[in-house]
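Visitor: Below you'll find the structure I mean.
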Amino acid sequence: MTSPANVATGASRDGVVAARHLARWLALAATPTFAIMAVLTAVIGSGPADTLCAAGYGSVLSGMVPMYLLMSAIHSAAWLRLIAERRR
């Protein structure tokens, strides 16, 4: 017979596993999401938000498109980890 403490521990462990699985998928979703946002921002054009978020006029790194590309690169670690795991 299973005690209530063991059932609670099993449910807690299942919750942790589910949370880790969800976190992994969210990490994988970040890179393509930022890449799509960069493409859409570049295609649709700059608006008031792009001017507001620009670091400085004339700078290569100013604006929303470079910011989205940088965020995509920063969040690419999850994809690199997945590729490395598949190669093993």
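Just so you know, all these numbers are worked out from the coordinates, no wet-lab data involved. Because the structure is a prediction, the values reported are computed rather than measured. FYI the Cβ positions are ideal-geometry reconstructions off the backbone, even for glycines, and counts take in every protein chain you see.
Visitor: Pop a pseudo-label 7 angstrom from the Cα along the beta-carbon direction at both TRP79 and LEU26 and give the gap in nm to one decimal.
Guide: Between TRP79 and LEU26, the label points sit 2.0 nm apart.
Visitor: Which ordering of ARG13, ARG86 is given by a fewest-first count of other beta-carbon atoms within 10 Å?
Guide: Fewest-to-most ranking of ARG13, ARG86: ARG86, ARG13.
Visitor: What list of ³J(HN,Hα) values in whole Hz, one per residue of segment 74-80 in order, does the Karplus curve 6.51 cos²θ - 1.76 cosθ + 1.60 (θ = phi - 60°) give from phi, with Gly and Pro shown as x?
Guide: 5, 8, 6, 4, 5, 5, 5
Visitor: Something else: In sequence order, what are the phi-derived ³J(HN,Hα) couplings for segment 20-30 according to the Karplus relation 6.51 cos²θ - 1.76 cosθ + 1.60 with θ = phi - 60°, rounded to whole Hz, with x for glycine and proline?
Guide: After applying 6.51 cos²θ - 1.76 cosθ + 1.60, I find 5, 5, 5, 4, 5, 5, 5, 5, 5, 6, 5 Hz.
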